[in-house]
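Accompanying notes for the structure given below.
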Amino acid sequence: MRDLTPKEKQDLARAALEARERAYCPYSRFSVGAALLCGDGAVVTGCNIENAAHAPGSCAERTAFVKAVSEGRRDFDAIAVAGGRAGREPEDHCAPCGVCRQVMAEFCGPDFTVLLVRSEDDIRAYTLEQLLPAAFGPMGGREVLS
Ligand code: THU
């Protein structure tokens, strides 16, 4: 895990909390925001975007990765995730779903930092390795393609 400074963590947490306000979640009423810190310092945000047909919906984390990768970015240091019942402050540390963890593993190494944000001052830090041990990768193992 690249050690983020306390200010970097707070800034990323704030960006995730702000992105959460843009969630489109009329079906679950559970809003999630994500903020992805790129190697060059840029921050790409995402929110969950639901759909009446359910399956086409996207999680906040995947929205951020899809935006970033489609803009040519592939170097990532950390992601902050904040989620909870829409219209309220997060009541807990919302963890990324399994599909989002797998998407992270496609582009990020085991030391990638995942911040679970309840508030700017209540952040839990994990490595991707901790959240997705023994991940499946291109050859079965967990190497990352460049
Ligand atoms: N959700 C995310 O955005 N990220 C996760 O990692 C977990 C779940 C969204 C999907 C859906 O719109 C809502 O939260 C309820 O599951």
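The values are calculated or read from the model by the stated rules, or taken from the named source; none is laboratory data. Please read these numbers as outputs of a predicted model, since none were measured by experiment. FYI the Cβ positions are ideal-geometry reconstructions off the backbone, even for glycines, and counts take in every protein chain you see. The protein model used for the area step is the full one, side chains on, heavy atoms only, and it has no ligands, DNA or RNA in it. Shrake-Rupley method; radii C 1.70, N 1.55, O 1.52, S 1.80 Å.
Looking only at residues that are open to solvent by less than 60 Å² (accessible area, probe 1.4 Å) and hydroxyl-bearing (Ser, Thr, Tyr) in segment 57-106, which one is nearest to LEU4 (Cα to Cα)?
Ranking the candidates gives THR63 first.
Can you report the number of residues in segment 1-25 which are open to solvent by less than 70 Å² (accessible area, probe 1.4 Å) and either of a type in the set (A, V, I, L, M, F, W, C) or over 12 Å from GLY83 (Cα atoms) (or both)?
14
All but one of (1) open to solvent by 30 Å² or more (accessible area, probe 1.4 Å); (2) outside any strand (DSSP E or B); (3) farther than 23 Å from TYR24 by Cβ hold for GLY137; state the number of the condition that does not hold.
(1)
With the structure loaded, tell me whether GLU18 is touching a Phe, Trp or Tyr at 6+ places or on another chain (Cβ under 7 Å) and of a type in the set (Asp, Glu) or whether it fails that test.
no
For segment 35-50, give me each residue that is open to solvent by less than 60 Å² (accessible area, probe 1.4 Å) and more than 7 Å from the ligand (Cβ to nearest atom).
ALA35, LEU36, LEU37, CYS38, GLY39, GLY41, ALA42, VAL44, THR45, GLY46, CYS47
Open to solvent by less than 60 Å² (accessible area, probe 1.4 Å), under 22 Å from GLY137 (Cα atoms) and either at pLDDT below 95 or outside any strand (DSSP E or B) (or both), is that true of GLY109?
Spelling it out, GLY109 is indeed open to solvent by less than 60 Å² (accessible area, probe 1.4 Å), under 22 Å from GLY137 (Cα atoms) and either at pLDDT below 95 or outside any strand (DSSP E or B) (or both).
Please pick out the residue among VAL117, VAL81, VAL99, VAL69 that is more than 21 Å from LYS9 (Cβ to Cβ) and either within 16 Å of the ligand (Cβ to nearest atom) or among the small types (Gly, Ala, Ser) (or both).
Numbers: VAL117 fails: more than 21 Å from LYS9 (Cβ to Cβ); VAL81 fails: more than 21 Å from LYS9 (Cβ to Cβ); VAL69 fails: either within 16 Å of the ligand (Cβ to nearest atom) or among the small types (Gly, Ala, Ser) (or both).
Among VAL117, VAL81, VAL99, VAL69, only VAL99 is more than 21 Å from LYS9 (Cβ to Cβ) and either within 16 Å of the ligand (Cβ to nearest atom) or among the small types (Gly, Ala, Ser) (or both).
Give GLY141, GLY39 a once-over and let me know the one that is at negative phi and modelled with pLDDT under 95.
GLY141
Is there a residue in segment 26-34 that is open to solvent by less than 30 Å² (accessible area, probe 1.4 Å), among the hydroxyl-bearing types (Ser, Thr, Tyr), within 12 Å of the ligand (Cβ to nearest atom) and at pLDDT 95 or above?
The answer is yes; a qualifying residue exists.
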